[in-house]
Amino acid sequence: MYIAIVKYNAGNIYSVVNVLRRLGVDPVLTDDAEQLRKADGVLFPGQGEARGAMEYLKARRLDEVIRDLRQPVFGICVGQQLLCRHSEEGDVDCIGIFDAEVKRFQPQRHEDKVPCMGWNCLEVRGEWKEVSDGSVSPLLEGLGEKPYVYFVHSYYVPVCQDTIATADYILPYSASMHKDNFYACQFHPEKSGKVGEQILRNFLELTNRK
């Protein structure tokens, strides 16, 4: 199995690499278009600032490469946000897989802190748009009841037609998304214990189904 991780100016990449290695996969970290195109699956993780990340990607035309990928792609944290149409962070147009605009949290009460940081429960949505039998997206299979995952973010994606799981902080928002071969999550699976490992394992399994 050949798994590629998109290399761009974002942090937290190597923690994803370490979890994948524990799962038996040695990924390639690359910003080379051909390496990304020939991968069985592509991860697009990271922490960082949207405008700077998009400038890096566009300078290398990697935004176009990612948009045209046909194998499973998994955006994590800023990766989910960059797969959206536009971000308020830096007022920048993004890759545009998900037709959604990334917003900044606006505190409503004294105890509302930004960034949102810590563990929160996922509300996994059954009967999402591509199935009718009440099942969930294959990315989120086998998580058990009330799965908790770890978040660090100041911006969020509103709930939309591509939302497959929500979390609630100040307001409900998209904790995970899925459209065609593109999957994404706002939280950090690599920091989310057994639940996060199961999600990454599910993604690796998706690369075997393509």
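Among the residues of the range 74-102, those identified as within 23 Å of Tyr148 (Cα to Cα) and either touching a His at 6+ places or on another chain (Cβ under 9 Å) or not small (Gly, Ala, Ser) (or both) are Phe74, Ile76, Cys77, Val78, Gln80, Gln81, Val102.
Yes/no per residue for (1) closer than 25 Å to Thr163 by Cβ; (2) open to solvent by 10 Å² or more (accessible area, probe 1.4 Å):
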| site | (1), (2) |
| --- | --- |
| Ile5 | yes, no |
| Asn18 | no, yes |
| Val28 | no, yes |
| Gly41 | yes, no |
| Gln47 | yes, yes |
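Look through Leu69, Leu82 and report the one residue that is within 21 Å of Ile164 (Cβ to Cβ), surrounded by 21 or more Cβ atoms within 10 Å (Cβ to Cβ) and not acidic (Asp, Glu). Spell out the reasoning first.
On the way: Leu69 fails: surrounded by 21 or more Cβ atoms within 10 Å (Cβ to Cβ).
Being within 21 Å of Ile164 (Cβ to Cβ), surrounded by 21 or more Cβ atoms within 10 Å (Cβ to Cβ) and not acidic (Asp, Glu) holds for just one of Leu69, Leu82, which is Leu82.
Restricting the range 105-124 to residues that are open to solvent by 90 Å² or more (accessible area, probe 1.4 Å) and either outside any loop (DSSP other than H, G, I, E, B) or in contact (Cβ under 8 Å) with a residue 40 or more places away in the chain (or both) leaves a set whose member that is farthest from Arg209 (Cα to Cα) is Gln108.
Summed over the range 118-149, the residues that are more than 14 Å from Lys194 (Cα to Cα) and modelled with pLDDT under 95 give a count of 16. The set of residues from the range 183-194 being touching a residue at least 60 places away in the same chain (Cβ under 8 Å) and open to solvent by 10 Å² or more (accessible area, probe 1.4 Å) comprises Tyr183, Glu190, Lys191.
The values are calculated or read from the model by the stated rules, or taken from the named source; none is laboratory data. The shown structure was predicted, so the numbers you read here are calculated from the model rather than taken from an experiment. Note that each Cβ is placed from the backbone with ideal geometry, even for glycine, and that neighbours are counted across all protein chains shown. In case anyone asks, the SASA skips ligands and DNA or RNA and just uses the protein heavy atoms, side chains included. Shrake-Rupley method; radii C 1.70, N 1.55, O 1.52, S 1.80 Å.
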